[in-house]
1. Mind checking which residues of segment 196-211 are outside any strand (DSSP E or B) and either surrounded by fewer than 20 Cβ atoms within 10 Å (Cβ to Cβ) or modelled with pLDDT of 95 or more (or both)?
2. Could you pull out every one of the strands (runs of 3 or more DSSP E) wholly within segment 309-390 that has 3 or more residues that are touching a Lys or Arg at 6+ places or on another chain (Cβ under 6 Å) and not aromatic (Phe, Trp, Tyr)?
3. Only one of (1) surrounded by fewer than 13 Cβ atoms within 10 Å (Cβ to Cβ); (2) farther than 30 Å from residue 547 by Cα; (3) among the basic types (Lys, Arg) fails for residue 505. Which number is that?
4. Can you find even one residue in segment 367-386 that is surrounded by fewer than 16 Cβ atoms within 10 Å (Cβ to Cβ) and among the aliphatic types (A, V, I, L, M)?
5. Can you tell me which residue is modelled with the lowest pLDDT among those in segment 173-195 that are farther than 14 Å from residue 214 by Cα and touching a Lys or Arg at 6+ places or on another chain (Cβ under 7 Å)?
6. Mind checking which residues of segment 622-638 are under 23 Å from residue 558 (Cβ atoms) and either of a type in the set (Asp, Glu) or not in a loop (DSSP other than H, G, I, E, B) (or both)?
7. Tell me whether segment 581-603 contains one or more residues that are within 32 Å of the chain's Cα centre (by Cα) and either modelled with pLDDT under 95 or more than 30 Å from residue 406 (Cβ to Cβ) (or both).
8. Return the residue satisfying two criteria in turn: it lies in segment 266-317 and is more than 29 Å from the chain's Cα centre (by Cα) and aromatic (Phe, Trp, Tyr), and of such residues it is nearest to residue 431 (Cα to Cα).
Amino acid sequence: MVFRARYVCYVCNEGVRVQQSIVYPENAEIRRIAVQRRNELEFPEANLVAANSRICLRCHRSIAEEIRMFQEDPDPTILRVLFKQNNCIVCHAPAFTRLNLAARKEIYVSDNARSCPDHLNNSGLLLRPLQDGLKAIRKPVLLKERELTTFMSCLRNKANDPPLKMDDEENFSDEELRALTSLTRAQFRNLFEYCEPVELYGSLRTIAKQDLFCFLCKIRQDLSDYFLSAMFGHTSRQKTSLVISTVLLTLSHNFVPRFLGYGHMNRPEFVENHVTAFANQLYNTDSENQKAIVYIDATYFEVQKSKNFKVLRKSFSNHKKYHLLKTVMVVASDGYILSTHGPYFCDSANNDANILLKEYQNDIGNIREYFQENDIFILDRGYRDSVQFLQDLGLKVELPAHLGARNQLSTEDANHSRIITKTRWIIESRNGHVKSTSKFLRDCIPNTHIRHLKDIFKVVCAMLNKYHEPITMEDATVELANEMRRKALEENHVQTYVEQNNLIRRRGIWHNLIGHQIEFPRLELEILKSLTFGVFQLRLSPSYIQDNMDQDGRHCIEIDTRLGENGLIRVRLFSRHRNNTKYQLFVAFDMNANEITGHYCTCRSGARVVGMCCHVASTIWYLSYSRHIMENITFPSTNPLECVQDAAVREIAEEENELPEIV
């Protein structure tokens, strides 16, 4: 059997049997339009016309029609026309569907174009992802009177529609929906599946998508009920309040218990899925036998002043100096929120330790049954009064060392504190995620909404568990955990040398370090990260160096040129917290091996060898890295210093002192 050669159309890239050549001189105009259309369709190598390039009969007729229209009218109407109309583009397309494509994508769709109902959303519009895949070419079009009349009618109807249709998530892109609700379209549809009918005020109430939109806009943007009433077309503010209460009730019953609380996940599942290998190796002395590791901390919510004096006293925090309520979060080492407690008042009787003791004594949420012997609690100093109680229960408690009356933590205490803070930022980050997700919780909460605070907080935490990615730490490996534990057993030999030789009190000759030429190992950024065991100190280094660049002649970072110790430098710089506080630091190095061999600083945590304090890190960062590529370093913006006046150092301009000239 003999098969005919099958060519591919140069314009549409489809295989055809019948075709027309475009390489002959008399086909120059056809070839020009063919190249233009291939460019608009974003096909590769559009300008390469080979000797065997051909176009199909359909493209040939379309190009010939375009040439004829230009001959009859040199200035025809040019539109971006849908390239294919014989197949389903995403049946005859409704007029408002074609109008929507013309408005959003500048694509004209003729009235004989096809569109399957499965590819349209609830409003009859083409799905957003399919719109992005449409291909169109620019060509002259002759609009029929009937078609133009239909389009004008659709435009009038569109002008009379509400500005926003909140009944269908397909009306919004993922970015738009995330800005309104903090969820993508797929996540919104999934959350709506949990919105089952609930009984409220004696009647069974169903929830529409618009109701869920309204609730999410409330907690995401903290919009007033009056604003939401106008936005969603409710007849009154009370109607909006009823909608929000109904959605909150159904989510509290059907969504929260599945993704939050001690009952939604058993302990073995929690240990297997949410205790990271890094945290297990860092805190568990028997790493082969995994234990539950959780971080417990409270987050604060600002509330209005109450006219009830008892509430006024109990909500006032002597620590924060404002009226607050607080809730407690129990978070895993990957950021998963296991459970929440509260809200509680913020007076002295409701400190963190007392709250945790009460939760255990009353077995709130079955917390006693959930955690077993040798499970690990990572806490802050606010829980120090509950440590003995927890240890008596067989729990292992880790918290940063207490400075007390000392001027500086010992090397052992400073190392232990660094190991705790290496991962404890995870719960602080989750607290931040709660308030960045919900502006309602970030702003001042009206007294009328305090009764809903517990449920709203739980819904937001459950949404974080369900729809947000777990928190991952860069380069947090078992090897890094072993290295930190090994370093924690070492002594600070630089501190010992400095104290034995009384170098801190030795008189020195101080010069500005910025611009001073000194021999020092040149290191890559990855090496610096391994020295600091993280990136926090390195991210603060540009701010420290900028703050000590001798901008006013007094506030600068200085080096002692009189020390006379080979492989050891002595530097002093200002604290970022107090103007008159200076710290001395010593850095030991080996030029032959091109490495840092030790460091010591006189600040509170400067004796540690697990990582280093920010003062040492910023000095090493400048000497070993940034001064060699200073033109590529980005320092924090100084715009506020330039546009905001400071009465303490303000200089009165000469023109302000000049007296007006008397004529």
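1. Residues of segment 196-211 that are outside any strand (DSSP E or B), as a first pass: 196-197, 201-202, 206-211.
Hits for segment 196-211 are 196, 197, 201, 202, 206, 208, 209, 210.
2. Details: elements: 322-332, 337-344, 376-378.
Of the strands (runs of 3 or more DSSP E) lying wholly inside segment 309-390, none has at least 3 residues that are touching a Lys or Arg at 6+ places or on another chain (Cβ under 6 Å) and not aromatic (Phe, Trp, Tyr).
3. Looking at each condition in turn, residue 505 falls short on (2).
4. no
5. 173
6. 622, 623, 624, 626, 627, 628, 630 - these are the residues of segment 622-638 that are under 23 Å from residue 558 (Cβ atoms) and either of a type in the set (Asp, Glu) or not in a loop (DSSP other than H, G, I, E, B) (or both).
7. The initial filter retains those residues of segment 581-603 that are within 32 Å of the chain's Cα centre (by Cα), namely none.
Checked against the condition, which is being within 32 Å of the chain's Cα centre (by Cα) and either modelled with pLDDT under 95 or more than 30 Å from residue 406 (Cβ to Cβ) (or both), segment 581-603 yields no hits at all.
8. This residue is 316.
The values are calculated or read from the model by the stated rules, or taken from the named source; none is laboratory data. No experiment lies behind these values; they were computed from the predicted model shown. Every residue, glycine as well, gets a Cβ built from its backbone with ideal geometry; the counts of neighbours run over all protein chains shown.
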